[in-house]
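J.: Below is a structure I'd like to ask you about.
The values are calculated or read from the model by the stated rules, or taken from the named source; none is laboratory data. Treat the numbers as computed from the prediction; the structure is a model and nothing was measured. Note: ideal-geometry Cβ built from the backbone for every residue, glycine included; neighbour counts use all protein chains shown.
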Amino acid sequence: MIHPALFYSFSALTLLGALGAVAARHPMRAVLSLTVSLFGLSGLFVGLGAHFVAVIQILLYAGAILILFLFVVMLVESPETERMNIRNIWVKLLGIGFGAVLLRILWRVIGAGGEPPIAPHAVEGTVEAVGRELLTTYALPFEAASILLLVGIVGAIVLAKRKVT
Amino acid sequence: MNPGFVIPTGWSALLPELALTGLIGLILIGDVLLKEEAGKILSGIAVAGLAAVGFLVAAQWDQPARTVLAGMFRMDMLAVFFKGIFTIAALTTVLIARQTPALIRRGLGEFYLLILTATLGMFLTASAGNLLMLFVALEMITISFYVMVSYHQEERSLEAGLKYLVLGSIASGLFLYGLAFLFGTTGTADLTEMAAVIQGGLTESPMLVLGLFLVLSSILFKSACVPFQLWAPDVYQGAPTPAVAFLSVGSKAAGFVVALRLLIELLLPLGGVWIPVVVFLSGATILAGNLGAIPQSNIKRLFGYSTIGHGGYLLIGIAAGSFLGTQAILFYLAAYAFTNLAAFLVITAFSKTTGSDEIRDYAGLSRRSPFLAAMFFLALLSLAGVPPLAGFFGKFLLILSAVDAGHGVLAGIGAIAVVISLYYYLMIVKTMYADEPADPSPVPVPTTLRIMLWICAAGMLGLGLIQKPLVNWAAAAAQTLF
């Protein structure tokens, strides 16, 4: 069980990072804020005993995917993309409205009772345990995910292929 | 310390899926090896393979329901029924793709591959026994469609693809968020175990309700229903015709199999919470689709609105929350498959020769190709719901289920919308039969399309006149949920 002080600091890191990613006007800052958020999330995973997921979170998300984001931001950067400013006030209001409704519902959910009705199974988050589960219980979704990746690769190639005339 | 390494068993229940996966591999390798004439040979392989998959699916009909692979995969009549629809849609889409010049220019091999991976995703969606499996399967469908929609790489096609991608990603996020709440409340991701926990009296949990509404939003997106319907017209107009045909029949059916599995099978004890919402959304969707279709001048855009309307009708069956409603949905989907595919076959044949999707260019089609005009006439009447065609009986069953469930107003809206839809469908018929053609040259129909059109016409008329077999099959499949 994670110490409450650690839990709250990691949660604060996650939330502030996410907030920064949404509020930042410069795409580069948004991506970097997202990195902070993902680090906080990874800390929370450690607290849950999901060590493997925590490491993968940092390796894959912070390490690979966000780097890719940064590359894209740097490569396509132009004066227009520099500032992601939603000018339409109605769009802003709509977003805030939806957020408020969701927050209100979540508030009720949290207020309804501390413990979840059924405690999830205690999981052992080691590489061995995750690997074992992936190749036994979750064999089918695991295999399906490989087809999913194939679709992603083929799709990316098809769309990136030079225009045929 | 070391629990036994249990290898999951029961792969034999996955025979159609395994065959489909093999076919995907064959197309992938074939596309690399065959350079010249690859399109023709590959489409032959795809059609033959899909026919074989169809036989394997049919062979599973009437087999006892099984749950295999640690609860990940369920083979039951409902899944088999849907897989039948998916196979027909995929087969027709392959044939349509072969007749679409813009696609041929860009290479057909990858397009066939994407059709097949989307089909595999649909198969797994229908059979998913676990939330994790369901999510992976749905993503397989959506990601295949993202690429198919933007395949043309023209401005419109890319715009459609981008819209679908952005909105689809939001819907996937909502779905995953909802699944997390369902998992958190029930403590299990297995659908059978979850149903038991929920029936054990979890109906009051607000967390479950939140999960329910998040999942519902995502289902509404997939099946293009209010308030997540806005993408449909743009995507339908911009995407390649085969992608649209598959989207309108396959993806829509996939959305409704998820709705049946999650809302009816799993969350019916919470019906008091979601049924009023779905009743309202169903009525709103029917009106939004049918009223939006009236001013359209592009045939594919018109079908984008009409498909919203049909999604609304299908929601009636979900709102009924009953055996009758489920049976009606199944009948409607099968009838809709034949009808809508027929319409898209005509659109394909027409645009292959004329290169146009504008309704005004359909003027005088009855003189340029009496066969196409007659087939389109039949499909439009069936879509509107005119007896004795299949579409009529489907709408009839759905409205009946609404009355039976006590949703009189919804049944009324459904009946009124038939009249609205007749207006814009018959406007097309008027253009085809009464108006003078600008260019009187005949429109040839390729043999494969002609054969498929005859099959669809037989389906529309046959299911409309002799409804009993399909009604019985739908009942057997619906029985799975009750």
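J.: I need a count of the residues in the stretch B:194-218 that are closer than 23 Å to B:Arg74 by Cα, without any contact (Cβ under 8 Å) to a residue 60 or more places away in the chain, within 28 Å of the chain's Cα centre (by Cα) and surrounded by fewer than 23 Cβ atoms within 10 Å (Cβ to Cβ).
T.: Total meeting the criteria: 0.
J.: Further question on the same structure: Please indicate, with yes or no, whether at least one residue in the stretch B:391-402 is in a helix (DSSP H, G or I) and free of Cβ contacts under 8 Å to residues at least 12 places away in the same chain.
T.: Of all residues in the stretch B:391-402, those in a helix (DSSP H, G or I) come to B:391-402.
Subsequent filtering for residues that are free of Cβ contacts under 8 Å to residues at least 12 places away in the same chain retains B:396.
Checked against the condition, which is being in a helix (DSSP H, G or I) and free of Cβ contacts under 8 Å to residues at least 12 places away in the same chain, the stretch B:391-402 yields at least one hit.
J.: Considering every residue within the stretch B:44-61, establish whether at least one is at pLDDT 95 or above, within 26 Å of B:Gly173 (Cα to Cα), under 19 Å from the mean Cα position of the chain (by Cα) and surrounded by 24 or more Cβ atoms within 10 Å (Cβ to Cβ).
T.: No: the stretch B:44-61 contains no residue that is at pLDDT 95 or above, within 26 Å of B:Gly173 (Cα to Cα), under 19 Å from the mean Cα position of the chain (by Cα) and surrounded by 24 or more Cβ atoms within 10 Å (Cβ to Cβ).
J.: Looking at B:Gly459, B:Gly414, B:Gly464, which is the one that is within 30 Å of B:Pro64 (Cβ to Cβ) and either at pLDDT below 95 or in a helix (DSSP H, G or I) (or both)? So that I can check it myself, show each step before the final result.
T.: Values: B:Gly414 fails: within 30 Å of B:Pro64 (Cβ to Cβ); B:Gly464 fails: within 30 Å of B:Pro64 (Cβ to Cβ).
Selected residue: B:Gly459, the only one of B:Gly459, B:Gly414, B:Gly464 that is within 30 Å of B:Pro64 (Cβ to Cβ) and either at pLDDT below 95 or in a helix (DSSP H, G or I) (or both).
J.: Only one of B:Pro387, B:Pro437, B:Pro442 is surrounded by 15 or more Cβ atoms within 10 Å (Cβ to Cβ), assigned by TED's automatic domain parsing to the domain that holds B:Ile329, modelled with pLDDT under 95 and not in a helix (DSSP H, G or I). Can you tell me which? So that I can check it myself, show each step before the final result.
T.: Numbers: B:Pro387 fails: surrounded by 15 or more Cβ atoms within 10 Å (Cβ to Cβ); B:Pro442 fails: surrounded by 15 or more Cβ atoms within 10 Å (Cβ to Cβ).
Answer to the check: B:Pro437.
J.: Restricting attention to the stretch B:43-65, does a residue exist that is of a type outside the set (Lys, Arg), closer than 14 Å to B:Leu124 by Cβ and within 14 Å of chain A (Cβ to nearest Cβ)? Quick ask: steps written out before the conclusion?
T.: Taking the stretch B:43-65 as the starting set, the residues that turn out to be of a type outside the set (Lys, Arg) are B:43-65.
Remaining after also requiring closer than 14 Å to B:Leu124 by Cβ: B:53, B:57.
If we keep only those that are within 14 Å of chain A (Cβ to nearest Cβ) as well, we get none.
No, there is no match, as no residue in the stretch B:43-65 is of a type outside the set (Lys, Arg), closer than 14 Å to B:Leu124 by Cβ and within 14 Å of chain A (Cβ to nearest Cβ).
J.: So, in the stretch B:4-37, of the ones that are modelled with pLDDT under 90 and either more than 14 Å from chain A (Cβ to nearest Cβ) or within 24 Å of the chain's Cα centre (by Cα) (or both), which residue ends up farthest from B:Leu103 (Cα to Cα)?
T.: Applying the filter and picking the extreme gives B:Ala13.
J.: If only one of B:Val244, B:Val249, B:Val257, B:Val273 is among the β-branched types (Val, Ile, Thr) and at pLDDT below 90, which one is it?
T.: Details: B:Val244 fails: at pLDDT below 90; B:Val249 fails: at pLDDT below 90; B:Val257 fails: at pLDDT below 90.
B:Val273 is the lone residue from the list that is among the β-branched types (Val, Ile, Thr) and at pLDDT below 90.
J.: A further question on this structure: Would you point out the residue of the stretch B:99-141, among those that are among the hydroxyl-bearing types (Ser, Thr, Tyr) and within 10 Å of chain A (Cβ to nearest Cβ), that is nearest to B:Ala189 (Cα to Cα)?
T.: Going residue by residue through the stretch B:99-141, those that are among the hydroxyl-bearing types (Ser, Thr, Tyr) are B:100, B:112, B:117, B:119, B:125, B:127.
This time we only want the ones that are within 10 Å of chain A (Cβ to nearest Cβ), so: B:117, B:127.
Details: B:Thr117: 24, B:Ser127: 15 Å.
The selected residue is B:Ser127.
J.: With the structure loaded, tell me whether B:Ser217 is among the hydroxyl-bearing types (Ser, Thr, Tyr) and either within 14 Å of another protein chain (Cβ to nearest Cβ) or touching a Pro at 6+ places or on another chain (Cβ under 9 Å) (or both) or whether it fails that test. Give the steps one after another, and end with the answer.
T.: On the way: among the hydroxyl-bearing types (Ser, Thr, Tyr): yes; either within 14 Å of another protein chain (Cβ to nearest Cβ) or touching a Pro at 6+ places or on another chain (Cβ under 9 Å) (or both): yes.
Against the criterion (among the hydroxyl-bearing types (Ser, Thr, Tyr) and either within 14 Å of another protein chain (Cβ to nearest Cβ) or touching a Pro at 6+ places or on another chain (Cβ under 9 Å) (or both)), B:Ser217 qualifies.
J.: Out of the residues in the stretch B:70-86 that are surrounded by fewer than 23 Cβ atoms within 10 Å (Cβ to Cβ) and within 11 Å of B:Asn130 (Cα to Cα), which is nearest to the other protein chains (Cβ to nearest Cβ)?
T.: Checked the stretch B:70-86; the qualifying residue nearest to the other protein chains (Cβ to nearest Cβ) is B:Ala70.
J.: Of (1) under 30 Å from B:Phe111 (Cβ atoms); (2) buried (at least 23 other Cβ atoms within 10 Å of the Cβ), B:Gln296 satisfies all except one. Which?
T.: (2)
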